Every structure is written in C-alpha cells, then in structure tokens.
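S.K.: Have a look at this one.
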Amino acid sequence: MKFSTRAIHIGEEPDFREGSSGDVVIPIHLSTTFARKDVEVPTGGYEYSRTGNPTRFAFEKKIASLENGKFGLAFSSGMAAESTVAFSLLKSGDHIIAFDDLYGGTKRLFNKVLNNFNIEVSYVDLTNPSNLEAAIKPNTRMVWIETPTNPLMKLCDISEISRIAKKYSLIVVVDNTFMTPYFQKPLDLGADVVVHSCTKYISGHSDVVAGAVVVNDEEIRKKIRFNQNAIGAVPSPFDCYLLIRGLKTLHVRMERHEYNAKMIASFLSSHPKVEKVLYPGLESHPQHDLAKKQMSGFGGMISFYLKADANGVKRFLSNLNIFLLAESLGGVESLINNPSKMTHASIPEEERKKIGITDNLIRISVGIEDVEDLISDLDNALKSL
Ligand SMILES: *Cc1c(COP(=O)(O)O)cnc(C)c1O
C-alpha cells in the first residue's frame, strides 16, 4: 500500500469477530485497567494503560508504517520522546555529537538535564558531514540531527552522516518534525531512530501536545519500550485518537502547506522590502540540491530577513490580519514568529547574532488557508514598512 492508503487504514482494521461492532474508526479506550480470565495471562493482551492501550497501539502502528519503520512508540510530548530515547540508549560517561543548529528545547535537555547525568555533548556544524568524523571520541555513542533546522533552514545529509556513523557504531537520531514522513524518511536513508514532536504537523490542528519515536532495530525498540513504561510519559487515549485523526489527512495537508509555502517564498523573494528568504525549495538556498536529493518536497516552513529595524519589524507584525503571531508550527492556520524575541529569545544575543538569528529574522509556518489571502496579508503588512 502507498502512503496515503496506509495513513488511512493501518492500525484501524475493523474487528469482525463475533460480538464486535466493526468500528471503522478505532474507539477511544479510556479504561486504565483490563480484566482477565486467567491469573497468569492477560486475556485481551492488555494489563494497565500506561503499559499498553489499544488506541495508543493503533497510533503507534500507523506512524511506524508511515515512516517505513517496524516499531512506533508514542509519548506525551516531543520532549518526552527525546528524553526517553536519550535515557534508554545512553549511560553516564557517554558522548553525543549534535548538529549545532537544533531545536532550543533539545539543547536545553542536553545542556541542563543530561549534563547532570554525566552525558557530554559537542555541537558540530554537520552541514559538512566530514566534520562528524573529526568530532568522534572514544566515548561517542550517538549523533543527533534535525534537518532542515529551525529557524535557519540548514540541512544535513542523512545518508552520508549515517554511513560515517555506522563505521563507528554510533546511533543516529533524526528529529523529523519539520518534514514529516510525507516528505522525508530518515530510516530509509540509514538513520536508526526517528523522533517527532507530534504537536506540530502530525496532529496538524494545534490541539495536541504529543511525541513519537520510530525505529527498525528490535534491540533499540526493547530499550525504549521498557522506559516508555518505566518512565511513563505516555499520551492519553484521547490524544492518541486526535493523532490518528491527524495522520489520516497528513498527505493532503502537507501537499497544501508546501504549495502555499512555494508561492509565498517566491512572492517574498521578489519583494523589495525583503532582504533574503530561507526556503529549501528555492534555487537560491545553498543546499537546494541536497534538499532535492533527500526530501520528496520542501515543506511549509519559511524564514526571511526583513529590510527593517526592530520598530519596523513590530509594525510589520502588528499589521497582519490572517497570520497569527504565535510560537509553534505545523497547524492548519498560518503562524508568524520573530525568533529573536520569541522562540529563540533564550539564546544570548551575541550568539544569536553570530549564527544569523538577528532581530529582522521572521519565521512563518504556512497554513492551508487560501494562498491569495495569505499573500495579500503579507503584502499589506509589508506596505507599512
Ligand atoms: C516542538 C519541537 C520539539 C518539542 O516537542 P514538544 O511536543 O513541544 O515537546 C522538538 N523538536 C522540534 C523540531 C520541534 O519543533
């Protein structure tokens, strides 16, 4: 079955056994515990809902299938998924090599939490994969990447990084939140672990906080699965239902996010009040060739630099009517964000400037509204500059 057919059917095969209702949509199993007939064996396969829940299992099956992976695991947030991966696959004394342009929350987890457990991190510019080999130490266990990154849209070559990592038996983790499996399949490119903030495109409607992990290797699955239950950061059955509902339209939404993003990127590129646009789908993007090679589309996230000072940026943002000024991304509604003041405000100003997160940088999460309305909203706000 192809992607869209799997998105709709996997994990929700109707139950035709005697006495079952044949639901087309998996029910929300709210029960926290499951009765059994035999003291030794759980009759229906379930014991306690943190350990296993039928609605959650349906979501885990669906997301695994869409990532072309064998096993899916659901968590109560993207950060819960990331922490459980780290605590399952690393131990005190280990070293991680991380892409230097990672989601802020991931850096916080590494620097302020894992750090207390004597797990060391080096941030390396992995846009050039040969920098990976140079950073490997005897205690390096893991490579952690995100591509394209937020908000600077830098890419790294998943196949090449995985090839080098394999020589040294390093586990490669890819945060696939931005592209989703619809546009990028890290496991097919050689990665070992995919993590998601399902709060974004996977749920797609800005109404669930959740995370997921997908892997192929049985040993890796066993370790993460053990801690999914032992640490216990699992999503509720209702959230799992919303995630399943979200996944069913992922392909349709991603197509539209991308269509709108391409039109907007091209509009902004030719606008005199815009200094520069960062979108992997533009030929001007320094890694456009890599984007074409490892992604089947360019996604719905765009960053751009306005020709304006801090006051101009404020004026531009306050003149928008459709774009909502908010953090987060990946929902059906278009969101706009000024990273230096919002999502990336916790990075010290000096460092921010050095990497390119200046006050005139704007990030947009392009929604699936009518693209002409979105462009005229931007055009109108740009006139205020
Ligand atoms: C939002 C986000 C996360 C964290 O996920 P939560 O669901 O907010 O915990 C991790 N990685 C990326 C790329 C994100 O955008």
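S.K.: Please indicate, with yes or no, whether at least one residue in the stretch 85-97 is assigned by TED's automatic domain parsing to the domain that holds C156, crowded, with 20+ Cβ neighbours inside 10 Å and within 23 Å of R352 (Cα to Cα).
M.R.: yes
S.K.: Another question, then. Taking the stretch 309-331 as the region of interest, how many residues are buried (at least 18 other Cβ atoms within 10 Å of the Cβ) and hydroxyl-bearing (S, T, Y)?
M.R.: Total meeting the criteria: 0.
S.K.: When the stretch 105-125 is examined, which residues are found to be assigned to a loop (DSSP other than H, G, I, E, B) and under 18 Å from the mean Cα position of the chain (by Cα)?
M.R.: Passing the criteria: none in range.
S.K.: Follow-up question, since we're still on this one. What's the total number of residues in the stretch 344-376 that are of a type in the set (S, T, Y) and more than 21 Å from A265 (Cα to Cα)?
M.R.: Total satisfying the criteria: 1.
S.K.: Can you pull out the residues in the stretch 190-223 that are within 10 Å of the ligand (Cβ to nearest atom) and of a type outside the set (G, A, S)?
M.R.: Listed by number, the residues that qualify are V195, H196, C198, T199, K200, Y201, I202, V208, V209.
S.K.: Can you name every residue in the stretch 1-59 that is among the basic types (K, R), within 29 Å of the chain's Cα centre (by Cα) and assigned to a loop (DSSP other than H, G, I, E, B)?
M.R.: Those that are among the basic types (K, R), within 29 Å of the chain's Cα centre (by Cα) and assigned to a loop (DSSP other than H, G, I, E, B): K2, R50.
S.K.: Between F87, F99, which is of a type in the set (F, W, Y) and within 15 Å of the ligand (Cβ to nearest atom)?
M.R.: Criteria check complete, one pass: F99.
S.K.: Right, here's the next one. Would you mind telling me which numbered condition in (1) in contact (Cβ under 8 Å) with a residue 24 or more places away in the chain; (2) more than 16 Å from the ligand (Cβ to nearest atom) V113 fails?
M.R.: (2)
S.K.: May I ask you to say which residue of I161, I231 is crowded, with 21+ Cβ neighbours inside 10 Å, β-branched (V, I, T) and either touching a Cys at 6+ places or on another chain (Cβ under 9 Å) or in the same structural domain as E133 (by TED's automatic domain parsing) (or both)?
M.R.: None of the other options fit; the residue is I161.
S.K.: Can you name every residue in the stretch 60-83 that is within 12 Å of the ligand (Cβ to nearest atom) and either in a helix (DSSP H, G or I) or among the acidic types (D, E) (or both)?
M.R.: Residues satisfying the conditions are G78, M79, A80, A81, E82, S83.
Residue-by-condition table, conditions (1) in a loop (DSSP other than H, G, I, E, B); (2) at pLDDT below 95:
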residue: T127; (1), (2): yes, no
residue: L132; (1), (2): no, no
residue: K137; (1), (2): yes, no
residue: V143; (1), (2): no, no
residue: P151; (1), (2): yes, yes
residue: L155; (1), (2): yes, no
residue: S162; (1), (2): no, no
residue: F178; (1), (2): yes, no
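The values are calculated or read from the model by the stated rules, or taken from the named source; none is laboratory data. All figures in this text were calculated on a predicted structure; none of them were measured in a lab. Neighbour counts are summed over all protein chains in view; Cβ atoms, including those assigned to glycine, are modelled from backbone coordinates with ideal geometry.
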